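Trainee: Sharing a structure here in structure tokens format.
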Amino acid sequence: MKEFKGKVVFIAGGGSGAGLGQAELFGSLGSRVVIADIRKDHLADAVRKLSAKGIDVLPIQLDLTDRKAYAVAADLVEIKFGTPPELVILTAGVNTFGPAEATTFEDFDWVMGVCLGGVINGLVTFVPRMIKAGIRGHIAAVSSMGAFMGGPGCAPYSAAKAAVNNLMESYYQSLKDYGIGVTVQCPGNINSNIWDAVATRPAHLQNTGYNVSDKTKAVLKSIHSEGINPVELAMQLKIAIENEQFLTIPMDNPEQMLRSLYETYINYSTPEGMKRIAEAQKAQQEMARKMAEENADKAPVGFESYEGTGYGKARGDIDWLPEGKKFRG
Ligand SMILES: NC(=O)c1ccc[n+]([C@@H]2O[C@H](COP(=O)([O-])OP(=O)(O)OC[C@H]3O[C@@H](n4cnc5c(N)ncnc54)[C@H](O)[C@@H]3O)[C@@H](O)[C@H]2O)c1
């Protein structure tokens, strides 16, 4: 897909962060943009910001885990524009952090329901409509670097994003026959509002094993304020769409990163490789210990500076976890 002017672009999670950046970029290129989001306030803010830049969008309030509501949203798009979207971008996602072993069913159901279930619902809703209408367009999803590795502090998120990559690869291979391109974008850190994702957590999925508080949200907010600008991220996605590129990773040397990650995987597969991993970990721990010793008189940096906020820790009342894994604040 190389031409965006006049094209109908549906953005799931278009009310904030990466999705809002996409709305701004494709809107400025003359696309007819639909932003779907669960948060009314995000939609209202987005409409205000975009119209101040001369961009008109169709906002739709949608919980993308609700399949019936998704179909209604897709109908609305067709009624308004006379066609299903030519570009679908499945961007919405949520995250929360804590030890894998403290994860509850509700943590899994919420994070995987939005991050993976939301993408599945987008594909199953739009793909048949696009094929039926003979659209030779594109479908993209925003995944994460977390897709390439398990994370001890974000098990549901890493699992969901790994599945999204695999899922999108299946669709990439299948949809070629119809002239529909597929791209998955795997960012590192984005300057967005994902630190506030818990605000959208449904009432029936509130039970979490993690420590979530205003302090932990403040930590996340400061981490994300260092992330990539959403419009810049959208530019990189647009280039990948134009090039019919399946995977796009917004970093300087993605090939090197992928090679080293797959090297770890190769190591996982043999006893010798596991020894190499153990040696590398030992060396890393030794380096960290030395650095901590040398900087003992200075203020803590990196993750150590979050001690005291409970970020990435389990809920304090879980009685079967060691004290070091829990936050008693
Ligand atoms: N922020 C990061 O550092 C980062 C890094 C890698 C990948 N990502 C991914 O980027 C994507 C966009 O996130 P962001 O960082 O821009 O966050 P964001 O919170 O700013 O934007 C996400 C939007 O999705 C919406 N949303 C959440 N649940 C929804 C639901 N059930 N139905 C409909 N909309 C829903 C939110 O209301 C929000 O407006 C996500 O998939 C996220 O996992 C983020």
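Coordinate-derived values only; no laboratory data. Bear in mind the structure is a predicted one, so any value in this text is a computation, not a measurement. Cβ atoms come from the backbone with ideal geometry, glycine included; neighbour counts cover every protein chain shown.
Trainee: I need the calculated FRET efficiency for the pair E293 and F246, taking r as the beta carbon distance and R₀ as 56 Å, to the nearest 0.05.
Mentor: The formula returns an efficiency of 0.80 here.
Trainee: Take the residue pairs K53/K217; K221/K298; K40/K217; K5/K53; K49/K80; K217/K290 and return only those whose Cα atoms are more than 19 Å apart.
Mentor: Check vs 19 Å cut-off fails for K53/K217; K221/K298; K40/K217; K49/K80; K217/K290.
Trainee: By the scheme Lys and Arg +1, Asp and Glu -1, what is the net charge of all other residues having a beta-carbon under 10 Å from that of E242?
Mentor: Here the charged neighbours net out to 0.
Trainee: Here's another thing I want to ask about it. Quickly work out the N253-to-K49 label distance, labels modelled 7 Å from Cα along the C-beta direction, and quote it in nm with one decimal.
Mentor: For K49 paired with N253, the spin-label model returns 3.3 nm.
Trainee: Please list, ordered by chain and number, the residues whose modelled amide H lies under 5 Å from the amide H of T183; skip anything fewer than 5 residues away on the same chain.
Mentor: I139, A140, A141
Trainee: Could you give the length gained on full extension between D56 and E263, defined as 0.36 nm per residue of separation minus the Cα-Cα distance, in nm?
Mentor: So the chain would gain 69.9 nm between D56 and E263.
Trainee: Can you pull the Kirkwood radius for segment 169-312, inverse mean 1/r over Cα pairs, to one decimal in Å? Don't skip to the end; give the middle numbers.
Mentor: Values: mean 1/r = 0.0514 Å⁻¹.
Over segment 169-312, the inverse of the mean reciprocal pair distance is 19.5 Å.
Trainee: If you don't mind, another one. Whole percent per 10 Å bin, from 0 to the bin with the longest distance: what is P(r) over all C-alpha pairs of segment 8-251?
Mentor: The distribution over segment 8-251 is 8, 34, 39, 17, 3, 0, given as percents.
Trainee: By how many nm would the segment from S174 to K68 grow when fully extended, if each residue of separation counts as 0.36 nm and the alpha-carbon distance is taken off?
Mentor: 35.7 nm
Trainee: For segment 51-66, in order, what is each residue's ³J(HN,Hα) by Karplus, 6.51 cos²θ - 1.76 cosθ + 1.60 with θ = phi - 60°, in whole Hz (x at glycine and Pro)?
Mentor: 5, 5, 9, x, 10, 8, 9, 9, x, 10, 7, 8, 8, 6, 8, 9
Trainee: Here is a further query. Please give the peptides 193-204, 134-145 ranked by average Cβ packing (other Cβ atoms within 10 Å per residue), highest first, as a rough proxy for protection.
Mentor: On the way: 193-204: 15.5, 134-145: 22.5.
Ranked from most to least packed, the peptides come out as 134-145, 193-204.
Trainee: Using only the alpha carbons of segment 259-325, determine the length spanned along each of the three principal axes and report them from longest to shortest in whole angstroms.
Mentor: If we take the Cα atoms of segment 259-325, the spans are 39, 35, 20 Å.
Trainee: Please work out the C-alpha center-to-center distance from segment 240-257 to segment 81-158 and express it in whole Å.
Mentor: Answer, in whole Å: 19.
Trainee: Based on DSSP H runs of at least 4 residues, each adding -39500 (n - 2.57), what is the mean residue ellipticity at 222 nm of the chain after dividing by all its residues, to the nearest 500 deg cm²/dmol?
Mentor: Dividing the helical sum by the residues of the chain leaves -14500 deg cm²/dmol.
Trainee: Can you tell me what percent of all Cα-Cα pairs in segment 91-140 are more than 11 Å apart? Intermediate results must be reported in sequence, preceding the final value.
Mentor: Values: 889 of 1225 pairs.
That tail contains 73 percent of the Cα-Cα pairs.
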